[in-house]
Protein chains: 4
Amino acid sequence: MDFNNAFPIYVQIMDMIKRKIVVNELKAGEKLPSVRDIAQELKVNPNTIQRSYSELEREEIVFSQRGLGTFVTQDLEKIKYLKESIASTFVEKFIRDMESLEYNKVEIIKLLNIKMEGYNE
Amino acid sequence: MDFNNAFPIYVQIMDMIKRKIVVNELKAGEKLPSVRDIAQELKVNPNTIQRSYSELEREEIVFSQRGLGTFVTQDLEKIKYLKESIASTFVEKFIRDMESLEYNKVEIIKLLNIKMEGYNE
Amino acid sequence: MDFNNAFPIYVQIMDMIKRKIVVNELKAGEKLPSVRDIAQELKVNPNTIQRSYSELEREEIVFSQRGLGTFVTQDLEKIKYLKESIASTFVEKFIRDMESLEYNKVEIIKLLNIKMEGYNE
Amino acid sequence: MDFNNAFPIYVQIMDMIKRKIVVNELKAGEKLPSVRDIAQELKVNPNTIQRSYSELEREEIVFSQRGLGTFVTQDLEKIKYLKESIASTFVEKFIRDMESLEYNKVEIIKLLNIKMEGYNE
DNA sequence: GTGGTCTAGACCACA
DNA sequence: GTGGTCTAGACCACA
């Protein structure tokens with residue numbers, strides 16, 4: 001993972017963890033790596049990871065237990081909702097990009113269909 | 001305009017100019033700002049702008065005339081093609097993002113339609 | 001090597017490297033001297049060599065690998081083609097020169113034959 | 001005309017005048033432009049032109065007459081010989097270039113023929 | 001160590 | 001004034 005400076009690093013780490021959660025790479029109730037481990041792996045300051053974890057906890061996507069660690073929420077509805085809201089930002093970004101090129105609704109759908117023609121899934 | 005460090009500045013400037021060209025903010029044959037002017041405006045070194053302009057010239061999106069300036073190509077087909085290829089990268093990025101969330105083709109189109117319901121255009 | 005001012009230094013360096021490649025002095029896949037080494041040897045600024053290398057990479061005659069160095073292409077066809085196109089420019093220049101002296105086709109061939117009489121190869 | 005620094009300017013001017021003589025742009029016996037005129041036109045120091053003229057006189061290609069000016073030689077044989085020796089340098093340069101690419105006699109003639117196929121003259 | 005990018009500043013060619 | 005090239009020197013990413 002490498003960071004860009006468009007967003008704070010702690011936000012980029014939050015996004016990475018959210019992505020792992022919504023694709024079940026980190027399962028409901030599963031323990032996240034320790035702050036120290038992840039800090040070492042990503043070569044960032046432990047305080048930065050701590051901040052990511054606290055914000056995720058504030059968003060109720062993870063919860064921490066003193067002396068045990070930090071865990072993915074057990075609330076499957078919450079995870080489903082998280083996934084939908086991430087998808088939502090992708091969709092909105094895409095529409096904004098295409099409209100900045102002055103493509104209209106019909107054209108956007110058409111281009112998307114053409115590009116996905118090959119895909120089965 | 002502010003730069004992130006995910007891509008070289010000269011590439012980000014190229015992208016900005018391309019965007020202005022495809023939406024006709026910079027018209028076919030129109031003179032671009034001088035290297036020095038744009039450098040001052042964006043607070044980057046003139047060499048960096050020079051690099052952006054040279055690369056754009058290599059891609060035949062602009063052409064430069066010594067002592068006169070740098071100009072948008074006169075080739076409308078070229079501009080049309082540029083617009084389509086930028087749109088193409090947006091579409092591909094979007095599909096990749098959605099698939100990373102494990103959405104399939106039908107779901108992607110559906111989400112897009114829902115989000116664009118409000119739009120008339 | 002000494003430079004004349006008819007062409008940019010970076011172009012003259014490109015030509016020198018191309019010549020070495022087509023006569024197998026630099027073999028397919030072989031590592032080129034580092035930017036810094038060649039800069040010191042030719043007493044030009046590393047940025048100028050960097051420019052030569054980038055342009056050669058754009059022409060797909062060399063490829064660079066971050067942290068490892070810059071290498072001659074592995075594509076023997078490409079090298080063969082390069083040799084032919086350099087030869088082509090020599091032939092064209094020669095014809096232009098001779099025609100500027102108002103020699104015709106038959107005379108050019110004749111003069112060339114006379115001059116090469118001594119050669120066996 | 002623009003100069004490169006591979007050869008002294010006075011030599012480059014000599015070459016230019018020789019070329020004009022051998023293609024009859026400057027005819028046998030014709031007056032050359034005055035040193036001052038040509039100096040002004042080429043934006044070089046009159047002494048440089050003077051040197052070119054003196055060298056050309058030493059080579060008996062021009063002759064000067066006090067108070068009248070400098071004139072192309074009347075000796076047509078001399079001009080013919082000059083033309084042949086210039087052609088000779090072109091031929092030799094060409095052969096050297098092609099041999100540096102490791103082309104042999106047969107290949108050189110062949111390439112030349114191919115390139116001149118289209119020409120009638 | 002190796003290539004890649006960027007700034008600062010100079011000078012040139014061309015109009 | 002405008003683009004083009006070059007030097008000097010810094011810092012970064014990657015191995």
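The values are calculated or read from the model by the stated rules, or taken from the named source; none is laboratory data. This one's a predicted model, so the numbers in the text were calculated from it and none came from an experiment. With ideal geometry, Cβ positions are generated from the backbone for all residues, glycine too; neighbour counts draw on all protein chains shown.
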Since C:Q12 meets every condition but one in (1) among the polar types (S, T, N, Q); (2) more than 14 Å from DNA strand F (Cβ to nearest atom); (3) under 30 Å from D:Q12 (Cα atoms), which condition does it not meet?
-> (2)
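I'd like to check something: does segment C:62-75 contain any residue that is farther than 30 Å from D:V91 by Cβ and of a type in the set (D, E, K, R)?
Among the residues of segment C:62-75, at least one is farther than 30 Å from D:V91 by Cβ and of a type in the set (D, E, K, R), which makes the answer yes.
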Among the helices (runs of 4 or more DSSP H) lying completely within segment C:1-107, list those that include at least 2 residues that are touching a Phe, Trp or Tyr at 6+ places or on another chain (Cβ under 8 Å), within 16 Å of DNA strand E (Cβ to nearest atom) and within 14 Å of another protein chain (Cβ to nearest Cβ).
-> C:9-22, C:46-58
Test set (1) assigned by TED's automatic domain parsing to the domain that holds B:G29; (2) of a type in the set (D, E, K, R); (3) loosely packed, with under 13 Cβ neighbours inside 10 Å - B:R96 fails condition number = (1)
Kindly indicate the residue of segment C:110-121 that is surrounded by 11 or more Cβ atoms within 10 Å (Cβ to Cβ) and within 19 Å of D:S85 (Cβ to Cβ) and also farthest from the other protein chains (Cβ to nearest Cβ) among those meeting that condition.
-> C:K110
What do you reckon, is C:E102 of a type outside the set (A, V, I, L, M, F, W, C), closer than 28 Å to D:I17 by Cβ and out of contact with any Pro (no Cβ under 7 Å at 6 or more places or on another chain)?
-> yes
Which of the residues that make up segment B:48-61 are more than 9 Å from DNA strand F (Cβ to nearest atom) and surrounded by 14 or more Cβ atoms within 10 Å (Cβ to Cβ)?
-> B:T48, B:S52, B:E55, B:L56, B:I61
Filtering segment B:35-56 for residues that are more than 14 Å from the chain's Cα centre (by Cα) and acidic (D, E) leaves a count of 2
Just a yes or no: is a residue in segment B:99-118 farther than 22 Å from A:L101 by Cα, of a type in the set (V, I, T) and in contact with a helix residue (DSSP H, G or I) (Cβ under 8 Å, 6 or more places away or on another chain)?
-> no
Looking at segment B:10-18, is at least one residue under 29 Å from A:L112 (Cβ atoms), basic (K, R) and without any contact (Cβ under 8 Å) to a residue 40 or more places away in the chain?
-> no
Among (1) exposed (fewer than 15 other Cβ atoms within 10 Å of the Cβ); (2) under 30 Å from C:L112 (Cα atoms) - the single one D:G29 does not satisfy | (2)
